[in-house]
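Report on the following structure.
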Amino acid sequence: MKGKSKKLSVVSTLLIVLSALLMIVSIFFPWWKMIFFAPQYPEGLNIIVYPHKLEGEIDIVNGLNHYIGMANFSKANFPELSYLVYLVGGLAAITLVTALLRKKSVLYGLIGVFALGGVLGVLDLRKALHDFGTNLSPNAPIKIDPFVPPLLGHNTVANFVTNSVLGVGAYFLIAAFLLLLIPLWKDRK
């Protein structure tokens, strides 16, 4: 009887499978976005970050950032974009194995790995933003104080207001994580 109580229910197993599917789906949607507004760009300029590429008006933003001495936004400056899809795919595979095993102990381990990956991802992005905003070239035509673009929220640099927001893919990942937590509550006895 004791061993049986540690087995996850069929509903919990289906939630875990759905979590894996959401992880895979997240790969095809943006995870994060920065939108730059200024009087000369009232429609806004975007940097859209997928787990494997950058999109948006990158060339225009890089051209403007040149004036303040900021490094270019490019895939080369974000090596994570070359392997992040594989990490997410691996996590989805481990999630499916967890669903097949239906063991709470394995689910606890999966949640720990997922949470650790999320924290490391946020810290990595925070470090990149810090480096971009504080390592300004002293030879830049326009001198400004170093700054750190926000991970979420907005800030103002010169006449540009920047808004940083989560993309749809990030919400899929958050939902995937929450789906993994439900079985812990549902099958708690």
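Bear in mind these aren't lab numbers, they're just calculated from the coordinates by the rules spelled out. Computed from a predicted structure; not experimentally measured. All Cβ positions, glycine included, derive from the backbone under ideal geometry; neighbour counts span all protein chains shown.
Observations on the model:
- Helical mean residue ellipticity (222 nm; -39500 (n - 2.57) per DSSP H run of 4+; nearest 500) of the chain: -17500 deg cm²/dmol
- For Pro150, the shell of other residues with beta-carbons less than 15 Å away shows a net charge of +2, using +1 for Lys and Arg and -1 for Asp and Glu.
- Relative contact order of the chain, pairs being alpha-carbon contacts under 8 Å that are 6 or more residues apart, as %: 36
- Computed from Cα positions, the angle between helix 104-134 and the longest principal axis of the chain comes to roughly 0 degrees.
- For the peptides 99-112, 172-185, residues were scored by their other Cβ atoms within 10 Å and the scores averaged per peptide; the highest-first order is 172-185, 99-112.
- For the range 24-86, the spread of Cα coordinates along the three principal axes comes to 39, 23, 12 Å, biggest extent given first.
- Span per principal axis, largest first, for the Cα atoms of the range 64-137 (Å): 56, 18, 13
- Highest mean packing comes first when the peptides 11-18, 57-64 are listed by Cβ atoms within 10 Å, giving 11-18, 57-64.
- Acute angle (nearest 10 degrees) that the helix 168-186 long axis makes with the longest principal axis of the chain, alpha-carbon atoms: 30
- Distance from the Cα centroid of the range 72-136 to that of the range 36-55 is 23 Å (rounded to whole angstrom).
- Protection-proxy order for peptides 78-85, 116-123, 44-51, each taking the mean of Cβ atoms within 10 Å per residue, highest first: 44-51, 78-85, 116-123
- Estimated inter-spin distance, Glu43 and Val97, nm [label 7 Å along Cα→Cβ]: 4.8
- Our estimate of slack between Thr156 and Asn62, defined as 0.36 nm per intervening residue step minus the Cα-Cα distance, is 32.1 nm.
- Hydrodynamic radius by Kirkwood, which averages 1/r over all alpha carbon pairs of the range 111-189, in angstrom: 15.5
- Label zone at Ser9, where the point sits 7 Å out along the Cα-to-Cβ direction: the range 97-125 residues whose backbone N lies under 16 Å: 102-104
- Histogram of C-alpha separations across the range 10-186, 5 Å bin width, %: 1, 8, 15, 19, 15, 12, 9, 8, 6, 4, 2, 1, 0
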